[in-house]
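Single-structure report; data block below.
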Amino acid sequence: MNPKARREGGWTVCLIPDDPAQDTVRFHFHRRLLSVLVVLSASLFGWSVFVTTHYVWLQRSYQRLVRMEDEYEQMKQDFTKVRQYSYRLQSDLERMEQQVRRLQVIAGATAGGNIPQIAGIGGESAPTPQTVGRAHLLEQQWFLAQSQQKVEALQAQLNQLYEVFQQKSVALSATPSILPVRGYVISGFGARIDPFTGAPDFHTGVDVFAPYGTPVVATAAGQVVFVGPQGTYGQLIIIDHGFGIFTYYGHLSKVLVHKGDMVKRWQVIGLVGSTGRSTGPHVHYEVRYQNQPLNPLQFIVEAF
């Protein structure tokens with residue numbers, strides 16, 4: 001062995017061919033070279049592990065980033081839909097409020113309290129990654145809370161209006177708004193000449209001509225409180241409609257209801273006649289409020 005190689009140390013690799021005629025090939029590796037190779041191999045292995053690990057981490061980070069971008073786009077779309085819904089809800093509530101105001105005017109009712117006003121919820125700009133999240137969530141929660149207050153106020157006023165209209169419905173059903181018979185008025189309400197004496201007279205109702213036996217109907221819902229002959233009225237029916245309103249139907253030839261009966265508007269209660277102080281077949285029709293005679297024609301809203 002070469003003394004120098006022995007001093008330096010190392011390894012010798014011999015390649016011995018099968019053919020004895022060929023020379024043996026020797027490779028001598030010095031210890032220093034082997035150390036360098038070992039260090040390089042370890043470094044290369046470590047670098048390979050680092051690169052592989054970092055690549056895997058980058059791949060996963062990229063996939064997470066892609067998912068976050070997809071979620072962000074979906075979140076923007078969701079917030080846009082919620083914002084559009086909020087605008088529609090605000091517009092619908094404003095229309096409802098206007099309708100309630102109109103109904104209050106029609107009903108002659110006063111507001112049961114102020115309806116909360118809903119403030120705007122911002123411009124048209126799209127949310128950014130910094131703003132999407134808690135801020136927008138709080139904004140929508142605030143808007144929905146305001147909307148809930150407005151809905152509750154509207155509901156309270158609608159309930160009030162319902163009660164008002166219920167009361168008015170009862171009052172309207174009790175208002176004598178039609179003539180009691182198909183015919184025409186031959187003597188109006190108020191001052192006139194008495195057909196029997198020729199003297200000035202005050203007529204407490206109207207006389208409506210119709211052929212003898214023509215059906216006479218109730219002009220509003222109520223309860224029959226009197227049936228029978230009554231002096232100059234002849235055969236008379238009196239109906240109490242509530243609210244201090246009474247109607248009189250005189251000179252009937254036949255009565256078709258009894259005291260205590262509940263009747264509806266348009267219900268036949270008797271037949272035209274000429275009983276009592278009468279010059280011919282007709283119905284003497286009166287409307288009284290708190291026992292004071294009123295002009296029946298001022299209540300007429302529908303022709304017979």
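The values are calculated or read from the model by the stated rules, or taken from the named source; none is laboratory data. All of these numbers come straight from a predicted model, not from anything done at the bench. Every residue, glycine as well, gets a Cβ built from its backbone with ideal geometry; the counts of neighbours run over all protein chains shown.
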Counting only residues that are out of contact with any strand residue (DSSP E or B) (no Cβ under 8 Å at 6 or more places or on another chain) and not hydroxyl-bearing (Ser, Thr, Tyr), region 196-216 contains a total of 2
The conditions are (1) hydroxyl-bearing (Ser, Thr, Tyr); (2) buried (at least 17 other Cβ atoms within 10 Å of the Cβ); (3) over 47 Å from the mean Cα position of the chain (by Cα), and Tyr248 fails exactly one of them. Which is it? (3)
I'm told Gln98 meets every condition in (1) in the same structural domain as Phe165 (by TED's automatic domain parsing); (2) at pLDDT 80 or above; (3) under 23 Å from Gln140 (Cβ atoms) except one. Can you identify the failing condition by its number? (3)
Contact list, first residue from region 263-275 and farther than 15 Å from Gly213 by Cα, second anywhere and of a type in the set (Val, Ile, Thr) and in a loop (DSSP other than H, G, I, E, B), beta-carbon distance below 8 Å, six or more apart or interchain, is Val263/Val257; Arg265/Ile178; Arg265/Thr219; Trp266/Ile178
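Looking only at region 251-265, which residues are surrounded by 17 or more Cβ atoms within 10 Å (Cβ to Cβ) and closer than 14 Å to Ser177 by Cα?
Within region 251-265, the subset surrounded by 17 or more Cβ atoms within 10 Å (Cβ to Cβ) is 251-253, 255, 257, 261, 263, 265.
Passing the criteria: only Arg265.
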Please work out which residue is nearest to Val170 (Cα to Cα), limiting yourself to region 71-107 and to residues that are touching a residue at least 24 places away in the same chain (Cβ under 8 Å) and aliphatic (A, V, I, L, M). Ala107
